[in-house]
1. Run down the lysines and flag those whose C-alpha is under 17 Å from the C-alpha of Lys27, throwing out any fewer than 8 positions away in its chain.
2. Report the extension gain between Ile131 and Arg388 in nm, rounded to one decimal, defined as 0.36 nm multiplied by the number of residues separating them, less their alpha carbon distance.
3. Check Asp327: other-chain or 5+ apart residues with amide H under 5 Å from its amide H, H built from backbone geometry?
4. How far is the Cα center of the stretch 104-121 from the Cα center of the stretch 200-236, in Å?
5. Once amide H atoms are placed 1.01 Å from N in the peptide plane, what residues at a sequence separation of 5 or more from Thr385, or on another chain, have their amide H within under 5 Å of its amide H?
6. I'd like the FRET efficiency for Ala166 and Ala367, computed as 1/(1 + (r/R0)^6) with the beta carbon distance as r and R0 of 56 Å, rounded to 0.05.
7. First compute the accessible area of the chain with a 1.4 Å probe, then give the percent of it belonging to carbon and sulfur atoms.
8. Alpha carbon centre of the stretch 340-398 versus the stretch 1-57: separation in Å?
Amino acid sequence: MTIYALSTPPGRGAIAIIRLSGSHTLKTVEKLTGKPVPEPRQATLRVLSDPKVGDPIDSGLVLFFQAPHSYTSEDMAELHIHGGVAIVDRILEVLSGLEDLRPAEPGEFTRLAVLNGRMDLTQAEAVADMIDAETMAQQKQAFRQMQGALGELYEGWRKKLASSLAHLEADIEFADEDLPGGIGQAVLGEVTLLNDEISAHIRDDRGRTLRHGVEVAIIGAPNVGKSSLLNYLVGREAAIVSARAGTTRDIVEVSLTLGGVPVVLADTAGIREAGDEIEREGVRRALKRASEADIRLHVTAFDTMVHADEIHSGEAHAEEANFQESDIYVANKQDLGATQCPPNIPDGGFYEVSAETGAGMSDLIEALNARIKENFGLAERPALTRTRHRIALQAACVALERGLERAGSDMELELVAEDLRLAMREIGRITGAVDVESLLDIVFRDFCIGK
Ligand code: GDP
């Protein structure tokens, strides 16, 4: 069987690329062009026709890749045609009428690449991440993963475990003979180190935030200027600004990029006591949201309009939402008067601004940028990006910890070895070194057609 698909986005465009992969590629190209297939990897201008009626459809570049030197390791071709809807439809229709050809499933080219050993599963996932990347940091991370950095890290761990296991098994085998003792102990030392390394990798949240965005919640009493601040940061009217207290009843979310990192900025409902049921629900959500955010902007304001009680209760809530190390305290409405920095705020965590005049805003944005970069930007080490990886690594750690515990309590070494084998298997599932077939559907679920 040979598969084909439009690999460029559907619709009007300068060029459209149709890809083919499989053993009938060569014959198909010859049928379409009426000429011998071009030299491998040499772009050649050809007229493409409907072989049944000989009717020319378009002229374009034809590229042929000979197996195994292609993305999928099979014979492949690319037809670079003009990106007109009628042209693309026509060529696809012609292909559908040829024997031994069928349309590709989503992600099928990459799936073939995995099955034929061209790349591991983490690299295939990175191909999807590359296509989905919207910020520079996401794209950099995806590229590194696509080049194999994450796969190598995991394969490295699996090999270390394999070597520990081999030593342990030797130990078990020669237990009766009078071999110098302590080999088992050395192995357990290595396993402990590895377990620590994997645990640290699981705790490192950078990969996840890079994929999903850093959450920044704006919290504070009603009317302090939270919506105004959000609008200023986003540069457009994303939240409705109003002089009446408690207008932002629900949560307004906007996405933007700061420090090359995707950020979800959430303006939470004004935090205050009392109010009706809807308002209380807003406050409840605001608090929950705030407690889950990566960074909180605690906003207060110099404002004679806001009732003193509300400011007071707002601050009580702000305390409830817990001022954390990565948080920033923002005193808004600087144009109306100066605010004292509260005593419990760490150095560099206090900014006086005016969302109205823009005073102090560039300093605040700079601080926010730096904080995001520092805490959520690209690390030198490849980062954990997917829940699928996290689950496997957690299972590996559980097995390793159980093994270490058994070893510590003088249990049978065979059981310890079994735990190491289990952990190896879990790590192998991430790259596809183990169980690749059963994982393909999970990995390729979100792929687009033609990739
Ligand atoms: P929120 O309830 O905290 O979201 O507050 P809003 O953003 O709706 O702002 C409440 C009122 O304060 C509006 O009338 C804004 O125009 C006004 N406001 C916001 N920021 C400033 C500021 O920096 N200076 C002054 N003078 N007024 C501001």
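1. Partners found: Lys35, Lys52.
2. Working: separation 257, 0.36 × 257 = 92.52 nm, distance 1.91 nm.
Taking 0.36 nm per residue and subtracting the Cα distance, the gain is 90.6 nm.
3. Residues meeting the amide H criterion: Arg296.
4. 36 Å
5. none
6. Values: r = 52 Å, r/R0 = 0.93.
E between Ala166 and Ala367, to the nearest 0.05, is 0.60.
7. Details: 11440 of 22270 Å².
With neighbouring chains kept in place, the figure for the chain is 51 percent.
8. 49 Å
The values are calculated or read from the model by the stated rules, or taken from the named source; none is laboratory data. Only a predicted model underlies this, so the values are computations on that prediction, with no experimental measurement involved. Neighbour counts run over all protein chains shown; Cβ positions are idealised from the backbone, glycine included. Ligands, DNA and RNA are stripped out before the accessible areas are found, and what is left, the full protein with its side chains, is counted by its heavy atoms. Shrake-Rupley method; radii C 1.70, N 1.55, O 1.52, S 1.80 Å.
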